[in-house]
Amino acid sequence: MKLPSSIKNWISITGAVLAVFNLASILSLLVLNLFFGFGGSYIGLFIYIVLPGFMIVGLILIPIGMRINRKKARKAESEGRTLNWPIVDFNDLGVRNAGVIFIIGTVFLLIISSIGSYEAFHYTESVEFCGKMCHTVMEPEYTTYHGSSHERVACVECHVGSGASWYVKSKLSGLYQVYSVLAKKYPKPIPTPIANLRPAQETCEECHWPDKFYDSKLREEHSFLADDENTEVIVNLKMKISSKQTSHGLEKGIHQHISPDVKIEYKSSDEDRQIIPWVKYTNTKTGESKIFTDSDNQLTQEELDSLEVRVMDCLDCHNRPSHNYQVPQNFIDQAMSEGKIPESLPSIKLNAMLALNQEYPSKDSAYSAIKNQIIEYYEAVEPEIFENRRSEIDQAIAAIQDGYSNNIFPEMNVSWIHYPNNIGHMEFEGCFRCHNDRHASESGDVISKDCNSCHTILAQTVQDSMVYSSSLEPLEFVHPVDIGEDWKTESCSMCHSALY
């Protein structure tokens, strides 16, 4: 087979060698992966993305070299000269030795570079790379990740998932993020990429199988009042996780929202999906549907039509599965229940809250202010406690500082305020975005705010003693501080959130 004379140039030859070598590498890796399991799940990205990219570059070099060579040929022809193939005479000992060294060296370097590229890819997919390369920017996410239940799940499992298309999308997005960090163009705090997240069906449901619901879950909540005695309040809840058939009929649970028999759609009027004026419920078995609208957020039909319709999935409730920034009262309550902060120290909860509900320019200034404020209080108000229990005070200070460092990051302007958590309804609206007795259909059906829809109280602290429910009737919630009936009509977040 005769090749065109224009291919007689080093650029086209280099391109051909590059293309052939990468094609051979693709075929070799494919065989090794299919028959010997070499490379695991990641090798597919090299077979189908990385090596084909180099092969395409080589193929592109061939016509580029031919075009350049044609121009040279025309010029040489006009000057009465002709161009021939580059002369490589292996009868010449020097040429032969140089050729052998070149071929062996090239193959060796290509193998080494392939291994290096593979290891580099693994590193870019690691938790350390995601969390530590841009330390200041990613410190909040990296810290809270290590305090979450998904600590042993790599970042890419949720943020990228499997498949080449999302891998490419994530890397293209990563290039802009690198530029943003280098040019200091990133916002503070980093916004949650709600609109760009991969569907939960392709990430969360790889481990969490919604078709198989779980039994009810017992949960014990410990909290402490901000009084002199740090009064402990305990509430035992039975969380209705799944739907089940009982002697009283079908008891619908929390995961009824994503049951295969149900389709729930909604429209939100804000970017954070905290205001939901429209909800559509569809029974997928019968085809029956109902539309609920919020009487406190009435929109015109034109305004509703302009909003995106979203099908409810895991992340509409579990929106902070690995990066949850706890509010101060929660991480202080946890530290006290675990004994890290001695609850016998008078007014320690109150003083911790006073120190934490302030803004500080840096972590160092926060640590200093927390320490000084706690010490000043006990020196001035409880001098005997300060003198005799200094080690316990220092222990409490260290625990408060630790809670601050794991949840509040002033350098990035990050705290619970900027990242609503939709699980529950204490500090943010959460469930009450829809379950608020305001969303009603034309037929008069209402999305209920009834506490017993999602959980029942089995036991709770009432006036320093525990009260227990009977086997059939749950307890009615008793607010630990007397606020009358307001807790029934107002959202919990009206008082418990720092947003108001």
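The values are calculated or read from the model by the stated rules, or taken from the named source; none is laboratory data. Since the structure is predicted, the reported quantities are computational estimates derived from the model, not experimental observations. All Cβ positions, glycine included, derive from the backbone under ideal geometry; neighbour counts span all protein chains shown.
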For segment 168-187, give me the residue count where each residue is within 21 Å of residue 53 (Cα to Cα), over 18 Å from the mean Cα position of the chain (by Cα) and at pLDDT 80 or above. 1
Which count do you get for residues in segment 40-66 that are at pLDDT below 70 and surrounded by fewer than 16 Cβ atoms within 10 Å (Cβ to Cβ)? 5
Could you say whether any residue in segment 328-339 is in a loop (DSSP other than H, G, I, E, B) and surrounded by 16 or more Cβ atoms within 10 Å (Cβ to Cβ)? no
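Let's see how each residue does on (1) closer than 29 Å to residue 323 by Cβ; (2) in contact with a Pro (Cβ under 6 Å, 6 or more places away or on another chain); (3) outside the structural domain of residue 138 (by TED's automatic domain parsing); (4) charged (D, E, K, R):
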| position | (1), (2), (3), (4) |
| --- | --- |
| 355 | yes, no, yes, no |
| 392 | no, yes, yes, yes |
| 395 | yes, no, yes, no |
| 402 | yes, no, yes, yes |
Tell me the residue from 392, 411 that is among the charged types (D, E, K, R) and closer than 30 Å to residue 270 by Cβ, please. 411
Flagged in segment 448-495 as small (Gly, Ala, Ser) and at negative phi, in numbering order, are 448, 453, 459, 465, 469, 470, 471, 491, 493
Scanning segment 390-446 for residues that are under 28 Å from residue 366 (Cβ atoms) and aliphatic (A, V, I, L, M) gives 393, 396, 397, 398, 399, 400, 408, 412, 414, 417, 423, 426
Can you confirm whether residue 443 is out of contact with any His (no Cβ under 8 Å at 6 or more places or on another chain), touching a residue at least 40 places away in the same chain (Cβ under 8 Å) and farther than 25 Å from residue 403 by Cα? yes
Taking residue 347 and the conditions (1) closer than 30 Å to residue 268 by Cβ; (2) in contact with an Asp or Glu (Cβ under 6 Å, 6 or more places away or on another chain); (3) not charged (D, E, K, R), which numbered condition does it fall short on, given that it satisfies the others? (1)
Read through the list (1) surrounded by 15 or more Cβ atoms within 10 Å (Cβ to Cβ); (2) within 28 Å of residue 423 (Cα to Cα); (3) touching a helix residue (DSSP H, G or I) at 6+ places or on another chain (Cβ under 9 Å), then give the number of the only condition that residue 386 fails. (2)
Can you name the residue in segment 137-168 that is among the small types (Gly, Ala, Ser) and assigned to a helix (DSSP H, G or I) and is also surrounded by the fewest Cβ atoms within 10 Å (Cβ to Cβ) among such residues? 165
Yes/no for residue 272 being assigned to a loop (DSSP other than H, G, I, E, B), in contact with a Lys or Arg (Cβ under 6 Å, 6 or more places away or on another chain), farther than 30 Å from residue 395 by Cα and not assigned by TED's automatic domain parsing to the domain that holds residue 385: no
Residue 376: passes all of (1) surrounded by 20 or more Cβ atoms within 10 Å (Cβ to Cβ); (2) in the same structural domain as residue 333 (by TED's automatic domain parsing) but (1)
